[in-house]
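Here the structure comes first, spelled out in structure tokens, and everything after it is commentary.
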Amino acid sequence: MPSLRALLSRRLRALRAMAMGSGSMGSMGSMGSGSMGSKREPVLSPSSMNAAIRRVQYAVRGPIVTRALELEQELRQGVPKPFKEVIKANIGDAHAMGQKPITFLRQVSALCLFPPLLSDPSFPEDAKARARRLLAACAGQSVGSYSASPGLDVVRADVAQFLQRRDGIPADPNHIFLSSGASEAIVTMLKLLVWGSGRSRTGVLVPLPQYPLYSAALAELEAERLSYSLAEDRAWALDLPELRRALKEGRGHCCPRVLCVINPGNPTGQVQSRECIEEVIKFAYEERLFLMADEVYQDNIYGEGCEFHAFRKVLAQMGPPYSDTVELASFHSLSKGFMGECGFRGGFMEVRNLHPEVLQELSKLVSVRLCPPVPGQILMGALLNPPEPGEPSHQQYQEEKAAVLRALAERARLTEQLLNKIPGIRCNPVQGAMYAFPSIQLPPRACAAAQAAGQPPDLFFCLRLLEGTGICLVPGSGFGQREGTFHFRMTILPPTEKLQLLLEKLGNFYTNFVKEYS
Amino acid sequence: MHRFVLAAKQAAASLGYRGPGDGGKSMLLRYAGSLAAGWPSRGPRLPRPAREWSVRWSTAAKASVVKISEKASREKILTLESMNPLVKALEYAVRGPIVLKAGEIEKELRKGIKKPFTEVIKANIGDAHAMGQRPITFLRQVVALCTYPNLLDSPNFPEDAKKRARRILQGCGGNSLGSYTASPGINCIREDVASYIERRDGGVPADPDNIYLTTGASDGITTILKILVSGGGKSRTGVMIPIPQYPLYSAAISDLDAIQVNYYLDEENCWALDVNELRRSLKEAKAYCNPKVLCIINPGNPTGQVQSRKCTEDVIHFAWEEKLFLLADEVYQDNVYSEGRQFHSFKKILYEMGPEYYNNVELASFHSTSKGYMGECGYRGGYMEVLNLHPEIKGQLVKLLSVRLCPPVSGQAAMDVVVNPPIPGEESYSQFIKEKESVLNNLAKKAKLTEDMFNKIPGMHCSPLQGAMYAFPRIFIPSKAIEEAKVHKMAPDMFYCMKLLEEIGICVVPGSGFGQKEGSYHFRMTILPPTEKLKVLLEKMKDFHIKFLEKYA
């Protein structure tokens, strides 16, 4: 032990310092017993930490998920439970629910990650062509080098082309920023937008129910959250008068500057009509609001007669003064759609009508985090350049894609139907996205029991459900809901047979639960 | 007020220094100028320039917003005046104006515009693969196997790589890298990190529950800082950082509206950390904020010093005595070159100092896949280990991490290989060791080469590169050049680096982006270019420097 002497002298010095109280009296005072090795008050404690962070809530991974993980652990340890496995229907995580990755996307990624595979004859030529192009865009031809902070140039150009194909509206690659999932881009944009104090503090309009990333980000940034309720009785449609009400109320205490729209809706699954989008854009124009359009579920449309219209497309088609005025940031991601590649943390945002100087500030801000994960950028590059007709992977790609989307559409209908068969539960059509968000009636005695347990009634129900059946859902209170109503969010992602079983179990449990508390 | 608003807007719009004014206006103008040009040099900063500025700014901007809404013509909702002033105030020199300029020059070269050089060499950022370093085969094999599990049947991949890939995939939901992982990262990787730390630190125990995987080390550092910063006015959290520092720290501090408390490394003493300087800095800071965090970068970035064991002990004792939360940025732990220097983790020393310390001192240490011998920056992999975190704070940390869902899973897989490399007896061991040592030996040679070359150049002094990946030489800039820099609204070292870029095509970062003692000038250059290229480069830099001195003599 070569350092023993240094160690002893250090301890001696510490002791001497304590004895003499030289310069360290302040800290000694809070040392409790003051004996060596005792625990003293930490620097970072619940009372000394950032208060804004304390207020952050994120229900999708909240107490219910913590408990689910514990239950899984207990199951592994052989603790007997009334179920064999925990089914995590709390989060839109397709692969975790057994969905297979799209082969072509993974082939391109693997080729980029391990380029010796480029000479492996078992990989198709179209995947190799994509991989060569993407690798050529990486510094040193390696996905291990940093990319430019807004992302690889070729992938930004691919995004621009994709947007043009999708909407018939051109896009400028310089206005596209790749991100670490859509969440990162949303938070970055909000960070730019939030400032001021007191009545001049930025207010941000978000739907209610909302995806809790928004409430969490706003709490962290100490922005004012202004909720506009979606109309549950009209399949969760966005209601303009309600938007006006929320804005007016917000103006009473802050400076509303941002309007967030989630389309297709999360957790509510509605798909916005073109007409409604036009109204929202006009509203944003008139009221001088910066628009943020969260469109990560754009590929997930199931409702009959429903179609996805991008905000950027409608905005451009509305012409001036809207098209050249309304500031818009739209978001997309690798995590949803038919690919479901959540783990790669890939995404992008496009900004329109952003002030050129702000564009520079945005570039600077994203440079601090250096670059989005390159494997995610690579996957995005593959996704936006799918195999063309005539290429070797075309047929398989199309089949895999269609199979996923077909299965999701089937599960959306199945979930809605089966939930609506349970007396006391009412579910709107799942027009899009990946979730059902039914309302549930909870008996007054259950509400009282919940109150006694210090929990919102729907959390109380979801926890009981989890303990009794292993089904993990997120209570509506985590997303926000009209006072006195209760909901839960469940994904439609489990394989059809499992989903059917899950919904049956859920129905039985709910019926018994209502009996127990009536 | 109105004129003030106009002046502020003009200053911000042109981002240029408009010459000395008076009172607050001049300070504001100067500050706006410094955003673009990095001038004046950081040096000993006023206690709170950014904050004071933001307070003024918000009043100014409020007035301008009112004006706008009266006008018929529409201005943007989001403008330089109306945006978050904290974001506006932050700087990140490693990817700052000089890098933008380098990008422009590259575009010009591609267009065939004649330059005195044929390529731009980006020595501004520690990006090993971009400089031609080859990836470690084993690491890439494991990650490719995880990405495309069909390869698990391929006879071309070694069994030890397959074994690791299978284990990682078993930790993934649905056995897919495409699933979200738990927010702190995949459990078995956290376990592997814990065993790695135990091995590294000679048996000091590590608890997987204290390990959080991150999106590069940067994510971990900003997350911990975010939780730590609180209070207003004189009780606002102060964060002690070395000067020179890695600008992630100043950027995060600015973003969080915390107070940056500078302590100076001792250039005369190979950039060593001096506890007396810590004391001075802390004492001064207590007058205007509540210093509660002490950040250490070891091995140093940009300064390359490797802290002695004794020094680390002194720092820990100081943190214990003064009740400071310790942040140990140890991403260069594999990059130690100097004879007689050794990396000692804060965690290990803390443990060895006895229970009074290891039961009390709160410590977060950071590591990454981006540096070392692997240089896998693009994966954004990293981890942090926390010690003595209050149990409730751990809950808060997990909650905060959960909002970003999970760190990129391929980065987690890459991290796993770093902490769980092939062991003797395994199929890939000999190739792995060969590749690893070749990278590290090369870096050591280049470190020595760079130091020696710089020290042969008159008007330049380079401290020994004990570790990390950078040289941070001190350069003499003649007063005539300083004057000319002023004319161009640039910090003198920014001016120097711009000239260097334009004349010989090498992109380095001026010292003002990292902070330096007032009146001293430096730049940071990576030692990553291939040896032959580096030699040529250093020769060119020598010629450039001599000519520069002659020109401005």
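Arrange the peptides A:95-103, A:142-150 so that the one whose residues have, on average, the most other Cβ atoms within 10 Å appears first. Walk me through the numbers before you get to the answer.
Details: A:95-103: 21.2, A:142-150: 24.9.
Ranked from most to least packed, the peptides come out as A:142-150, A:95-103.
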Item to check | Distance (nanometres) between label positions extended 7 Å along Cα→Cβ at residue A:77 and residue B:152 | outcome: 2.8
Checklist entry - P(r) for the protein assembly as shown: what percent of alpha-carbon pairs falls in each 20 Å bin, starting at zero? => result 12, 43, 37, 7, 0
Item to check | Alpha-carbon centroids, segment A:163-187 and segment A:434-461: separation in whole Å | outcome: 39
Next on the checklist: Taking beta carbons within 10 Å but only from partner chains, what does the mean come to for residues B:319-331?
Outcome noted: 3
Item to check | Sequence-distant lysines (8 or more away, or on other chains) whose Cα lies within less than 19 Å of residue B:107 | outcome: B:115, B:122, B:499
Next on the checklist: How large are Rg and Dmax for chain B when calculated on the C-alpha trace, in angstrom?
Outcome noted: 24.4, 77
Item to check | Tilt relative to chain B, helix B:159-170 - C-alpha long axis, 0 to 90 degrees, to 10 | outcome: 70
Next on the checklist: Based on alpha-carbon atoms only, what is the radius of gyration of segment A:110-384 relative to the globular estimate 2.2 N^0.38 Å?
Outcome noted: 1.04
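Can you put B:493, A:172, A:158 in order of Cβ neighbours within 10 angstrom, beginning with the fewest?
Result, fewest neighbours first: A:172, A:158, B:493.
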Checklist entry - Cα-based Rg of segment A:196-308 per 2.2 N^0.38 Å, rounded to two decimals? => result 1.05
Item to check | Projected-area average for chain A over all orientations - Cα convex hull basis, square nanometres | outcome: 32.5
Item to check | Charge context of residue A:121, other residues only, Cβ under 15 angstrom, K/R +1, D/E -1 | outcome: -3
Item to check | Local electrostatic count, residue A:227, Cβ distance below 15 Å [Lys/Arg +1, Asp/Glu -1] | outcome: 0
Checklist entry - What is the calculated FRET efficiency for residue B:430 to residue B:134, with r their C-beta to C-beta distance and R₀ = 25 Å, to the nearest 0.05? => result 0.90
Next on the checklist: Below 15 Å, Cα to Cα, which aspartates and glutamates can residue A:248 reach? Residues fewer than 8 away in the same chain don't count.
Outcome noted: A:224, A:239, A:286, A:287
Checklist entry - What lysines could a cross-link reach from residue A:88, if we take a straight Cα to Cα line under 27 Å and drop same-chain neighbours fewer than 8 places away? => result A:100, A:336, A:401, A:421, A:498, A:505, A:515, B:394, B:399
Checklist outcome for this item: Each residue of B:467-479 has, on average, a number of other protein chain C-beta atoms within 10 Å of its C-beta equal to 0
Item to check | Point-to-point label distance, residue B:339-residue B:276, nm (Cα→Cβ direction, 7 Å offset) | outcome: 3.0
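Loop only by DSSP, 13 or fewer other Cβ within 10 Å of the Cβ. Give me the GluC sites (Glu not before Pro) in segment A:59-107 that pass, ordered by residue number. Walk me through the numbers before you get to the answer.
On the way: sites: A:70, A:72, A:74, A:85; in loops: A:85.
Sites meeting the loop and neighbour criteria: A:85.
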Item to check | Estimated FRET transfer efficiency when R0 is 41 angstrom, pair residue A:279-residue A:451 (beta carbons, to 0.05) | outcome: 0.55
Next on the checklist: Per-residue Cβ counts within 10 Å, from other chains only, averaged over A:190-202: what number is that?
Outcome noted: 4
Item to check | Degrees, to the nearest 10: B:187-200 long Cα axis against longest axis of chain B | outcome: 90
Checklist outcome for this item: The simple spin-label model distance between residue A:518 and residue B:166, using points 7 Å out along Cα→Cβ, in nm, is 5.3
Checklist entry - Looking at this model, which pairs from B:348/B:446; B:371/B:535; A:128/B:371 are more than 24 angstrom apart at the alpha-carbon? => result B:348/B:446; A:128/B:371
Item to check | Positive minus negative residues near residue A:89 (Lys, Arg vs Asp, Glu; Cβ under 13 Å) | outcome: +3
Checklist entry - Taking other Cβ within 10 Å of each residue's Cβ, how do A:38, A:119 sort, fewest first? => result A:119, A:38
Checklist outcome for this item: Given a Förster distance of 51 Å, the FRET efficiency implied by the Cβ-Cβ spacing of residue B:502 and residue B:441, rounded to the nearest 0.05, works out to 0.90
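Every number here is computed from the coordinates shown, using simple stated rules; none is lab data. Quick caveat, the model's predicted, so the values are computed rather than measured. Reconstructed Cβ throughout: ideal geometry from the backbone, glycine too, with neighbour counts over all protein chains shown.
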